[in-house]
Amino acid sequence: MSTYQTEEIMAEGGVRWILSHEEREHLGELLDVDASTFDNLKGNIMNRSRMACKKCGKLSGLDDIVHGAVELGVHTKGLMIYTLVHGPTGGSPAHAVDCSRCSEQFEGVFLWFSPSNWSY
């Protein structure tokens, strides 16, 4: 049984998604960079807890958000790398997120909060 903690409820609001080794590796693959690029990114603050995909069981994560942006061509890979390393310039609009493993859509909408508490 794993004792890895995947999230933390924040006193000031939101849920810190703690970045796993697998997510960091997947981010590197998605953005064509070495995963060590994201060594300083420990997690990010989202509006809700992670969800398990109803189809494959994968927990929702930052890699799913990035996967969707890559697939839809919403942002350049360079912008996403910069944002993950330095933080966003603002909060995000609420949007649907698909599982990057099986393409099943997670229930509800996801958003991250302002840059002041982007990553921990």
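Values quoted throughout were computed directly from the atomic coordinates according to the rules given, and no laboratory measurement underlies them. In this text, all values refer to a predicted model and were calculated from it rather than measured experimentally. Cβ placement follows ideal geometry from the backbone for every residue including glycine, while neighbour counts extend to all protein chains displayed.
If you average the sequence gap of Cα pairs under 8 Å that are 6 or more apart and divide by the length of the chain, what percent do you get for the contact order?
26
If you take the charge dipole of the chain about its Cα centre, with +1 on Lys and Arg Cβ and -1 on Asp and Glu Cβ, which of T83, H21, S60 is farthest toward its positive end?
S60
Where Lys and Arg each count +1 and Asp and Glu each count -1, what net charge lies around E7 among other residues with Cβ under 9 Å from its Cβ?
Around E7, the surrounding residues sum to +1.
Can you tell me which of 47-53, 59-65 comes out highest on packing, and rank the rest after it, using the mean Cβ neighbours within 10 Å?
59-65, 47-53
Charges at C-beta only: +1 for Lys and Arg, -1 for Asp and Glu. How large is the resulting dipole of segment 1-112 about its Cα centre, in Debye rounded to 20?
The dipole magnitude comes to about 260 debye.
Tell me, what is a quarter of the convex hull surface for the C-alpha atoms of the chain, in nm² with one decimal?
Taking the Cα atoms of the chain, their convex hull projects to 7.3 nm² on average.
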